Amino acid sequence: MAERNVNVLPDHRIEFRMGINLGDIIIEDGDIFGDGVNIAARLEALAEPGGICLSAAAHEQVRDRLDLAFDDLGEQQVKNIARPVRTYSVALGISPRAALPVGAPLPLPDKPSIAVLPFQSLSGDPEQEYFADGMVEEITTAIARLPWLFVIARNSSFTYKSKPVDVKQVARELGVRYVLEGSVRKAGQRVRITGQLIDATTGNHIWADRFDGALDDIFELQDRVAANVVGAIEPRLRQSEIERAARKPTASLDAYDFYLRALAQVYRYTEESLAEAVVLLRKALAIDPSYAPAAASVGWCRALQWTQGWGALSDDDIAEGVRLARQALEAARDDPDTMAWAANTLSFFAGEAAQAAAVLDRALALNPNAATTWICRGLLYALRNQPEPAIEVLERASRLSPFDPLGYWNDCGLAFAHFAARRFEQAIEWADRALHDQPRVISAIRVKVAALAHLGRLGDASAELGRVLAIDPGLTIAKYRAFLGPATAPEVRDLLVTGLRLAGLPE
């Protein structure tokens, strides 16, 4: 009708208004009614002549699928509907593509790729505009420290500032799989920052959250939000990539996909899944012998198998893990997580605790937001009988990555640190938290057994020891001493062994 009206005098034009809603309806006697219909009718009344209004439910279905721009009209209170209706209007005659750079779609890089779009300022305050831009710059810089991610530079992302955008189109033009967008709203001396991470290839929302803070120190707030955003989205991105690799046919897998499939097996944390993870990692290394994350993860899996008592590891298995850990450290000079797993292996199997600590410190200097690396550093502090530094860095890791699928190792480390400090009640509490998320993590059960024994609760300690022996039937005092090895401070080792002996673990 808009095209037809171009050459028609205003008082002779026919102009329609349209309201679109997605919801349930009732059909009876050839008529339809219900809230779904009522909301559509109210949206029609809100539309300008010749315009279209949509509910949030309808907008969610079409926002990334049509060559249209939308204006967010906020929540509207409409007649006979109890709750406000979030409303969008179609910006007719404005194509988001018309405002964006023109060019052929870029191919996706060979690793996960992301663009951080300018955050929308919702108050119109110029000072808030600067804050929003600074926030995006901090987040982009923090994410760029993740070496397994391809991150679009800020200058390219900011070409979309103040323009209506189609997330899928932006992703095609920048050549990325993921897009992070958000908004900033100021009220007095408080500010609320929201963010959402979208897989642009499917339109699915992977993560969304909001952060509230005071404007007393803008730069401190920017740093904190940037660290929280990175810590929150990193495990979600990793899980999304694992799920993507799992959907690919076996014939099209490359080293990276085998590595992702191995991670999925590690997260399952069973005897069979850890063995399968090693098989997948070897397949990755057969394709690319220099692929450092896969090389480091072999030793990590071997350490987990040894810790759990799963499978009889040969001297060759352990030697392979150590050799690949050294190889990974040579190749991964800018990848904190790979450096962390390699250092963990060398500390565990080769007794190189001091060297491992130095590697972890270098890794954290590269990326202070690497939660996994902080966990490894905290565990090493705890083993070396430095409980207070251990607790400090493990709490930092928890703040950085509150949804990490390996977060139970963080809780296990806190249990170990409080045990080393002889705070046995707190050790039991943190062990229980770890076991809530992963009931098979035997390190947490052993710490709990020893803590209960030192508190004189020998009946409870003996019952928990039964859980340990159900996972590792061959565990003895001698085997446990060998397991703790030279990486563990003698006083911590003796405290653990005494507790397990009191609980009834055979010599």
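Points to keep in mind about this one:
- Selection of helices (runs of 4 or more DSSP H) fully inside segment 1-106 by the criterion of at least 1 residues being β-branched (Val, Ile, Thr) and at pLDDT 80 or above returns 35-46, 56-62.
- Among the residues making up segment 197-218, a single one is more than 19 Å from PRO118 (Cα to Cα), of a type in the set (A, V, I, L, M, F, W, C) and assigned to a strand (DSSP E or B): ALA214.
- Checking THR194 against (1) within 19 Å of GLU243 (Cβ to Cβ); (2) at pLDDT 80 or above; (3) surrounded by fewer than 21 Cβ atoms within 10 Å (Cβ to Cβ), the condition it does not meet: (1)
- Cβ pairs under 7 Å, 6+ apart, first in segment 383-409 and touching a residue at least 24 places away in the same chain (Cβ under 8 Å), second of a type in the set (Asp, Glu) and open to solvent by less than 80 Å² (accessible area, probe 1.4 Å): SER401/GLU234
- Count of segment 400-438 residues which are of a type in the set (D, E, K, R) and either touching a Pro at 6+ places or on another chain (Cβ under 6 Å) or buried (at least 23 other Cβ atoms within 10 Å of the Cβ) (or both): 2
- Residue match in segment 15-22 (condition: touching a Ser or Thr at 6+ places or on another chain (Cβ under 6 Å), loosely packed, with under 14 Cβ neighbours inside 10 Å and under 24 Å from VAL165 (Cα atoms)): no
- Identity of the residue in segment 290-349, free of Cβ contacts under 8 Å to residues at least 12 places away in the same chain and part of a loop (DSSP other than H, G, I, E, B), that ends up nearest to GLY474 (Cα to Cα): ALA312
- Selected residue (only one of ARG446, ARG481, ARG457, ARG501 is open to solvent by less than 10 Å² (accessible area, probe 1.4 Å) and among the charged types (D, E, K, R)): ARG446
- Residue within segment 177-191 that is assigned to a strand (DSSP E or B), open to solvent by less than 10 Å² (accessible area, probe 1.4 Å) and of a type in the set (Gly, Ala, Ser) present: no
Residue by residue, here is whether (1) assigned to a helix (DSSP H, G or I); (2) over 28 Å from ALA142 (Cβ atoms); (3) open to solvent by 60 Å² or more (accessible area, probe 1.4 Å) holds:
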{"position": "ARG224", "(1), (2), (3)": "yes, no, yes"}
{"position": "ARG236", "(1), (2), (3)": "yes, no, yes"}
{"position": "ALA264", "(1), (2), (3)": "yes, no, no"}
{"position": "LEU274", "(1), (2), (3)": "yes, yes, no"}
{"position": "ALA277", "(1), (2), (3)": "yes, yes, no"}
{"position": "LEU280", "(1), (2), (3)": "yes, yes, no"}
{"position": "LEU285", "(1), (2), (3)": "yes, yes, no"}
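The values are calculated or read from the model by the stated rules, or taken from the named source; none is laboratory data. Note that the structure is predicted; figures quoted are calculated from it, not measured. Cβ sites come from the backbone with ideal geometry, for glycine too, and all protein chains shown count toward neighbours. Just so you know, the surface numbers come from the protein's heavy atoms only, side chains and all, with ligands and any DNA or RNA stripped out. Shrake-Rupley method; radii C 1.70, N 1.55, O 1.52, S 1.80 Å.
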